[in-house]
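The values are calculated or read from the model by the stated rules, or taken from the named source; none is laboratory data. Because the structure is predicted, anything quoted here is derived from the model rather than measured. Virtual Cβ from ideal backbone geometry, glycine too; neighbours counted across all protein chains shown. Please note that ligands, DNA and RNA were not included when accessible areas were found on the heavy atoms of the full protein model with its side chains. Shrake-Rupley method; radii C 1.70, N 1.55, O 1.52, S 1.80 Å.
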Amino acid sequence: IYSCCYLSRRLNQLSSHDPLWKRHCKKYWLISEEEKSQRNQSWKAIFISTYSDLGRYIRYYATLKKAWDDLEKYLGQRCPRMIGSLKESVREEDLDAVEAQIGCKLPDDYRCSFRIHNGQKLVVPGLMGSMALSNHYRSEDLLDIDTAAGGFQQRLGLKQCLPLTFCIHTGLSQYMALESVEGRNKYEIFYQCPDQMARNPSAIDMFITGTSYLEWFTSYVNKVVTGGYPIIRDQIFRYVHDKECVATTGDITVSVSTSFLPELSSVHPPHYFFTYRIRIEMSKDALPEKACQLDSRYWRITNAKGDVEEVQGPGVVGEFPIISPGRVYEYTSCTTFSTTSGYMEGYYTFHCLYYKDKFFNVTIPRFHMVCPTFKVSTARLVSGDAVVLILETNHNEYAVDEDEDSTDTDEYEDRRRVLDIPAPSGRCPRHT
């Protein structure tokens, strides 16, 4: 419209019609009435000045700005200290300098996000979520542009890959492929997984977490702000809860959330690591004499091949919790599988505190755990040939493990070794 306004007087009048620019300012730049009054400019002037700065991002800006605004509002109420770790936006020339430094173009949706916020400081907890088991803790920061550029990879297996996140505790990063090389799709986002069976140590299997930065970031934010990821001890935990995964027996309700841990998993040999968080709650309307104590657990585990394993043992994670009206008990455990999917179900056995000879079972709902899509490396080190990657679609499976819940949230800032840290080899103990 602005360009056309020079063609005729009528178009010139139309181009100066401020309500028209108001609609565009709100649609593309999310400019509010309050912000407009503070700037003391017409809607047309605001649109033109904003377009001159952010015009190349007009396809992405509103979506990403809304995601950032929603995330800040949500965390401001629930994890206020995390807001303080966010860094201010970067300039266009800063992003251009990074492109020159790494010799690759950054996708516009990635650049757009960093025009809003330049990632976060390297602190705990990380903006991109946490996970905690008794001897394993992960919390991923969203890297600022300079730290990400410093971690840009050119080695075999990770050629032209840019780290998006980093965990100080594990050395884990999620990477974005900036070019379609080594079998990766351009702008694909993934966790690396070294092929433990390959002679070539640079053979990297990949657990796919996104097809573009926009999809990766906005889907994560949506999970957070809709309560899909729980806030535990002032940080975001990446447990996924299926709303149908709830079972009520009498006055007791059991629900389950699950998560896949790529840093403890491998494709070769097949070793898929999951953690699950179980919530046991007695209705607040239950009678006081319904108070009871958990004695034992029974699990029936079925993998994708239909193989069944049964496990029975005392308590849960070494505890025998007492449940009374209105009380909630939660614990975290884990399991490993040699296949990529499967499900678990079972029951807890309780005894009544008021009638000690009375025992009853409480159903644990069936819950499924599914490994994300991955790409498998088929490395053939022949005359220096590059690693070839092929797409693997996964059909998933299971087995059982239990572990005590704990969280290590020592808060510090550390820019050491953001790059080239080998994947951890530790495993959480089974059947504890």
Return the pairs, sorted by first residue and then second, in which the second residue is surrounded by fewer than 22 Cβ atoms within 10 Å (Cβ to Cβ) and of a type in the set (Gly, Ala, Ser), the first residue lies in region 261-289 and is in a helix (DSSP H, G or I), the beta carbons are less than 8 Å apart, and the residues are 6+ apart or on different chains.
263/423; 264/426; 288/324
Taking residue 163, is it touching a residue at least 40 places away in the same chain (Cβ under 8 Å), assigned by the TED database to the domain that holds residue 120 and open to solvent by less than 20 Å² (accessible area, probe 1.4 Å)?
yes
Just to be sure I understand, how many residues within region 166-183 are within 19 Å of residue 108 (Cα to Cα) and buried (at least 22 other Cβ atoms within 10 Å of the Cβ)?
5
Could you run through region 365-375 and say how many residues are of a type outside the set (Phe, Trp, Tyr) and in contact with a Phe, Trp or Tyr (Cβ under 6 Å, 6 or more places away or on another chain)?
5
Can you tell which of 363, 332 is within 19 Å of residue 281 (Cβ to Cβ) and under 19 Å from the mean Cα position of the chain (by Cα)?
332
Being modelled with pLDDT under 95, of a type in the set (A, V, I, L, M, F, W, C) and either out of contact with any His (no Cβ under 8 Å at 6 or more places or on another chain) or closer than 27 Å to residue 103 by Cα (or both) narrows it down to one residue among 177, 132, 149; which is it?
132
Give me a count of the residues in region 302-323 that are surrounded by 15 or more Cβ atoms within 10 Å (Cβ to Cβ), in contact (Cβ under 8 Å) with a residue 24 or more places away in the chain and in a loop (DSSP other than H, G, I, E, B).
3
Does residue 237 count as surrounded by 17 or more Cβ atoms within 10 Å (Cβ to Cβ) and in the same structural domain as residue 73 (by the TED database)?
no
Sole exception among (1) within 22 Å of residue 103 (Cα to Cα); (2) open to solvent by less than 10 Å² (accessible area, probe 1.4 Å) for residue 120, by number:
(1)
For residue 255, only one of the following conditions fails: (1) modelled with pLDDT of 95 or more; (2) out of contact with any Lys or Arg (no Cβ under 7 Å at 6 or more places or on another chain). What is its number?
(2)
Condition check: modelled with pLDDT of 95 or more and either surrounded by fewer than 19 Cβ atoms within 10 Å (Cβ to Cβ) or assigned to a loop (DSSP other than H, G, I, E, B) (or both). Does residue 326 satisfy that?
yes
Only one of these conditions is not met by residue 290: (1) closer than 21 Å to residue 371 by Cα; (2) surrounded by 17 or more Cβ atoms within 10 Å (Cβ to Cβ). Which number is it?
(1)
Of the conditions (1) outside any strand (DSSP E or B); (2) buried (at least 23 other Cβ atoms within 10 Å of the Cβ); (3) small (Gly, Ala, Ser); (4) at pLDDT 95 or above, the single one that residue 157 does not satisfy is (4)
Could you tell me how many of the residues in region 171-206 are outside any loop (DSSP other than H, G, I, E, B) and in contact with a Cys (Cβ under 6 Å, 6 or more places away or on another chain)?
3
Failed criterion for residue 338 (all others in (1) farther than 19 Å from residue 264 by Cα; (2) open to solvent by 40 Å² or more (accessible area, probe 1.4 Å); (3) among the small types (Gly, Ala, Ser) hold):
(1)
Which of the helices (runs of 4 or more DSSP H) contained wholly in region 15-96 include at least 3 residues that are in the same structural domain as residue 108 (by the TED database) and open to solvent by 80 Å² or more (accessible area, probe 1.4 Å)?
61-78
Tally up the residues in region 342-364 that are open to solvent by 20 Å² or more (accessible area, probe 1.4 Å) and either within 21 Å of residue 259 (Cα to Cα) or in a strand (DSSP E or B) (or both), please.
9
Which of the residues that make up region 213-227 are of a type outside the set (Phe, Trp, Tyr) and open to solvent by less than 30 Å² (accessible area, probe 1.4 Å)?
221, 224
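Let's see how each residue does on (1) in contact (Cβ under 8 Å) with a residue 60 or more places away in the chain; (2) not aromatic (Phe, Trp, Tyr):
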position: 136; (1), (2): yes, yes
position: 145; (1), (2): no, yes
position: 156; (1), (2): yes, yes
position: 230; (1), (2): no, yes
position: 237; (1), (2): yes, no
